[in-house]
Amino acid sequence: MRRVDLLVPAALALVGGVEIAAAGYRPVAPALASYVVAAAALSLSRMAPLAPPLIVTSIYALTPLSGFDVSQPASWLLLIAFACFGTGLRAPRSRWLAGLGSVLLALAITFAGLAWLTDFEPDLLFGAIVTLGPWALGLGLREALDRQRRAGAEAERARVEAMLAGERAATAERERIAVEFHDLLAHALGVMV
């Protein structure tokens, strides 16, 4: 795990903690604890890219059991969006369908938790925007980064091939000059003699 993998979860935990504390949501302890644990789950996106959406939304859906209404803080939406974005960005290309399944299951978990454990009426379009939108953005960004990597590798390969071709041309020219110089020297000595 890289340090940068901890930067976004830490920043989101800080933002959510400030929102929960400043807005005066009650009870504060379970609200902060569940939010920080869900933010920490984002750091798993490099090792297990399909897990963060499921973990974050499961925590989101089960937090109302502790007495905290998760439909109030807007920062929970950031966690869900970043979890889905991480799946799109980090899941291997060969597992894009599994990534989509993970995000759709996360959407279903979120809807179930909100519908059964809160008074909030979830909206499918809004849920799709918060989950599928970031996943598709992550998928597109990964494709762009892969194209950039391939283009960089191709440019490096072309540079190395050009350098080797230049070295081969210089070596061939040196050999040609050496052969001609030998003939020129032999001719000059013959003329002098």
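The values are calculated or read from the model by the stated rules, or taken from the named source; none is laboratory data. In this text the structure is predicted, and so the values were computed from the model without any measurement. Please note: Cβ atoms are built from the backbone with ideal geometry, for glycine as well, and neighbour counts cover all protein chains shown. Just the protein is used for accessible areas: all its heavy atoms, side chains included, with ligands, DNA and RNA removed. Shrake-Rupley method; radii C 1.70, N 1.55, O 1.52, S 1.80 Å.
When L54, L100 are checked against the criterion of being in contact (Cβ under 8 Å) with a residue 40 or more places away in the chain and hydrophobic (A, V, I, L, M, F, W, C), a single residue qualifies: L54. Within region 12-25, the set of residues being open to solvent by 10 Å² or more (accessible area, probe 1.4 Å), assigned to a helix (DSSP H, G or I) and either of a type in the set (A, V, I, L, M, F, W, C) or touching an Asp or Glu at 6+ places or on another chain (Cβ under 9 Å) (or both) comprises L12, A13, L14, V15, V18, A21, A22, A23.
Condition first: touching a residue at least 12 places away in the same chain (Cβ under 8 Å), open to solvent by less than 60 Å² (accessible area, probe 1.4 Å), of a type in the set (G, A, S) and over 17 Å from W76 (Cβ atoms). Can you find one or more residues in region 122-138 that meet it? Yes, region 122-138 contains at least one residue that is touching a residue at least 12 places away in the same chain (Cβ under 8 Å), open to solvent by less than 60 Å² (accessible area, probe 1.4 Å), of a type in the set (G, A, S) and over 17 Å from W76 (Cβ atoms). Residues in region 26-49 that are in a helix (DSSP H, G or I) and free of Cβ contacts under 8 Å to residues at least 12 places away in the same chain: V28, A29, A33, L44.
Taken over region 105-116, residues that are open to solvent by 80 Å² or more (accessible area, probe 1.4 Å) and touching a residue at least 24 places away in the same chain (Cβ under 8 Å) amount to 1. Among the residues of region 26-57, those identified as crowded, with 18+ Cβ neighbours inside 10 Å and not hydrophobic (A, V, I, L, M, F, W, C) are S34, Y35, S43, S45, P49, P52, P53, T57. G88 meets the conditions (1) in contact with a Leu (Cβ under 7 Å, 6 or more places away or on another chain); (2) assigned to a loop (DSSP other than H, G, I, E, B); (3) open to solvent by less than 30 Å² (accessible area, probe 1.4 Å); (4) not aromatic (F, W, Y) in every case but one. The failed one is (2).
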